[in-house]
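Worksheet: the structure to be examined is printed underneath.
What follows is calculated from the coordinates using simple rules that are stated; it is not laboratory data. Keep in mind that this is a model prediction, so the values were computed, not measured. When we count neighbours, we look across all protein chains shown, and the Cβ atoms used for this are built from the backbone with ideal geometry, even at glycine.
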Amino acid sequence: MQSASEMAERLLAGDRAALARSISWAENADPRYPGLLGSIYPRVGKAWRIGITGPPGAGKSTLTNALVAHLRERGETVGILAIDPSSPFSGGALLGDRIRMEERTADPGVYIRSMASRKSHGGLARAATDACDVMDAFGFSTILMETVGVGQSEYDVVAAADTVVVVMCPGAGDGIQAMKAGILEVADVLVVNKSDLDGADRLALDLEDAVRMRDIRRPRDLAASARWAPPVVSTSATGAGDGIDALLEAVDAHRAWLEAADLEASRRHRRVDQVRRVVGERLEEELWGPRGKREQAETLLGNSKTPYDVAEEILNSVLESRTGAGPDAGDRTSTPGDASR
Amino acid sequence: MSERKIRVLVGKPGLDGHDRGAKTIAAVLRDHGMEVIYTGLHQTPEMIAETALQEDVDVVGLSILSGAHMTLFPRVREELEKRGMAHVLLTGGGIISAEDMEELSKLGFSKLFGPGTPTEEIANWIQSTMEERWKNEEVSR
Ligand SMILES: Nc1nc2c(ncn2[C@@H]2O[C@H](COP(=O)(O)OP(=O)(O)OP(=O)(O)O)[C@@H](O)[C@H]2O)c(=O)[nH]1
Ligand SMILES: [Mg+2]
């Protein structure tokens with residue numbers, strides 16, 4: 001069995017198999033992962049993380065592939081995390097984003113990892129952030145995360161990026177729908193892909209209007225002195241790749257803006273989100289995992305109590321056992337009933 | 001702790017131009033709860049092995065209809081071994097004659113599936129083989 005420190009050593013030495021396995025550890029919540037992250041954490045934070053989201057089939061993977069070509073040309077190395085949904089029925093997944101990036105497989109400066117969304121909400125964003133941390137420590141200068149923009153958990157994922165690119169295309173909705181879906185709230189850069197198709201110009205104008213009307217202050221803006229108005233960029237990811245330069249320029253501009261504003265605060269904010277997710281997962285496990293409170297809840301419910309009464313009782317018992325169990329418990333003797341657990 | 005999923009790469013090496021069979025098996029494996037990385041047509045053995053490494057898959061399943069299985073299976077295995085991926089369960093199917101099957105099994109390909117094998121059977125075999133491995137494992141992970 002490989003230890004966390006052995007794995008960290010291999011990862012930092014540039015071993016790609018170790019990179020792949022480390023991401024599996026993160027994904028499977030392997031108990032060795034926290035130790036691994038601890039060992040590599042000093043090396044985390046150099047990469048620029050770009051989240052790419054948008055409706056199914058908008059061209060996210062094709063665009064990612066085109067972006068990588070440009071990034072490679074200017075000497076960057078790129079880690080890619082491509083997330084596709086899991087089937088809610090079987091729990092399995094068909095991960096097909098790599099097909100559009102096939103020509104990158106043999107490039108030693110590129111690493112592509114497919115990830116299934118699995119079932120948990122916070123869990124996906126937590127694992128995706130972990131995967132980015134691992135790729136970051138490995139040394140990629142840019143990290144691209146692709147996810148289908150259909151729900152809260154996917155938005156949580158891309159919101160963990162430094163720059164969020166939302167990809168739309170003609171036929172997949174108009175500006176009003178984008179506003180309703182909350183797409184504008186998460187976007188740092190808006191892309192109208194498939195600009196070679198009818199309706200693309202119309203959509204771009206729509207989105208520009210929508211951006212102008214938007215007046216929201218997002219948590220990720222809070223630290224910033226100035227507001228960022230997301231530019232709308234038209235691209236054609238297939239063929240000659242029109243607009244990819246402009247897209248990269250827009251991403252660079254957002255990066256320059258965020259770095260000048262308060263990158264540290266923005267990243268700290270997202271670190272706190274990650275702490276919340278880890279705490280949430282741990283609590284969930286503690287409360288409802290195999291050694292959790294299910295039996296207790298069932299017993300209590302049997303006494304004709306409401307779910308609220310039972311929840312209250314369980315919460316109290318947990319909070320009390322916490323305050324009572326610490327080494328400084330003597331300082332908090334006012335907490336009643338802590339001896340029972 | 002969390003549940004681990006069987007990760008499978010379904011690849012289609014060789015030059016023949018249709019991948020309906022590969023897509024079907026990919027969907028069946030998904031329906032059996034596996035996470036399937038589908039890589040499309042015309043994959044070289046190098047690409048398949050490199051993808052297997054990047055994706056940290058447990059299983060590589062090859063669909064080979066071109067008749068080139070006698071070279072492709074050993075080539076993929078060689079490329080996997082080169083990358084330290086000898087632990088991957090390598091299997092697959094296609095139009096493989098009884099003699100070829102025999103020959104390949106001598107080369108260590110214990111389980112390959114001939115034409116007309118029910119997809120269900122393939123999925124169940126992968127599932128039980130992986131479950132068996134994970135039970136005995138605890139070592140290499
Ligand atoms: N006409 C045109 N087609 C495009 C363009 N970009 C992508 N496509 C096509 O759109 C289809 C979907 O592209 P993908 O890159 O797979 O889209 P995606 O958003 O990654 O799709 P999912 O990951 O399945 O949500 C493919 O057939 C692409 O060839 C474009 O700029 N113009
Ligand atoms: Mg895609």
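Are there trypsin sites (Lys or Arg not before Pro) in the range A:225-312 that DSSP marks as loop and that have at most 12 other Cβ atoms within 10 Å, and which are they?
On the way: sites: A:227, A:255, A:267, A:268, A:270, A:271, A:276, A:277, A:282, A:291, A:293, A:294, A:305; in loops: A:227, A:291, A:293, A:305.
Answer in residue order: A:227, A:291.
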Gyration tensor (Cα only) of chain B to equivalent ellipsoid, semi-axes in Å sorted down, yields 22, 17, 16
For the range A:1-104, which trypsin sites (Lys or Arg not before Pro) are both in a DSSP coil and crowded by at most 10 other Cβ atoms within 10 Å?
A:46, A:74
Of all GluC sites (Glu not before Pro) in the range B:1-49, the ones in DSSP coil with at most 11 other Cβ atoms within 10 Å are B:3
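With Cβ to Cβ distances under 15 Å as the rule, what net charge do the other residues near residue A:236 carry (K, R +1; D, E -1)? Don't jump to the answer; show the numbers that get you there.
Details: positive: A:60, A:100, A:194; negative: A:196, A:198, A:201, A:242, A:245.
Local charge sum for residue A:236: -2.
Within a 10 angstrom radius of each residue's Cβ in B:106-117, how many Cβ atoms of other chains show up on average? Whole number is fine. Mind showing how you got there, number by number?
Working: counts 0, 0, 0, 0, 0, 0, 0, 0, 0, 0, 0, 0.
Mean number of neighbouring Cβ atoms from other chains: 0.
Compute the normalised compactness of the range B:64-141: alpha-carbon radius of gyration over 2.2 N^0.38 Å, N being the residue count. List each step's numbers first, then the result.
Values: Rg = 13.5 Å, N = 78, 2.2 N^0.38 = 11.5 Å.
Here the answer is 1.17, to two decimals.
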Cα convex hull of the protein assembly as shown: mean projected area in nm², to one decimal?
27.6 nm²
In cubic angstrom, how much convex hull volume per residue do the alpha carbon atoms of the range A:44-261 span?
119 Å³
Out of B:77, B:20, B:30, any idea which swings most in a Gaussian network model of chain B, alpha carbons joined below 10 Å?
B:20
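Going by how many other Cβ atoms sit within 10 Å of their own, how do A:213, B:130 line up, fewest first?
So the residues, fewest neighbours to most, are A:213, B:130.
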Out of residues 5 or more away from residue A:82 or on other chains, whose amide H comes under 5 Å of its own, with H placed 1.01 Å from N in the peptide plane?
A:113, A:114, A:115, A:146
In whole Å, what are the extents of the range A:34-160 along the principal axes defined by its C-alpha atoms, from largest to smallest?
41, 35, 23
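Only counting other Cβ atoms within 10 Å, I'd like A:308, A:33 sorted with the fewest neighbours first.
Details: A:308 8, A:33 21.
So the residues, fewest neighbours to most, are A:308, A:33.
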0 to 90° range, to nearest 10: angle between helix A:263-288 axis and chain A longest Cα axis:
40 degrees
Taking the number of other C-beta atoms within 10 Å as the exposure measure, put A:119, B:111, B:5 in order starting with the fewest.
A:119, B:111, B:5
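Given an 8 Å cut-off on Cα distances and at least 6 residues of separation, report the relative contact order of chain A as a percent. The partial results should precede the final answer.
On the way: 504 pairs, mean separation 54.7, N = 341.
So the answer I get is 16 percent.
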From the phi of every residue in the range A:86-101, what ³J(HN,Hα) in whole Hz does the Karplus formula 6.51 cos²θ - 1.76 cosθ + 1.60 yield, where θ is phi - 60° and glycine or proline is x?
7, 6, x, 8, 8, x, x, 8, 10, 9, x, 5, 4, 3, 7, 10
Amide H contacts of residue A:233 (H built 1.01 Å from N, under 5 Å, at least 5 apart or other chain)
A:190, A:191, A:192
If amide hydrogens are placed 1.01 Å from N in the peptide plane, which non-local residues have theirs closer than 5 Å to the one on residue A:293?
A:288
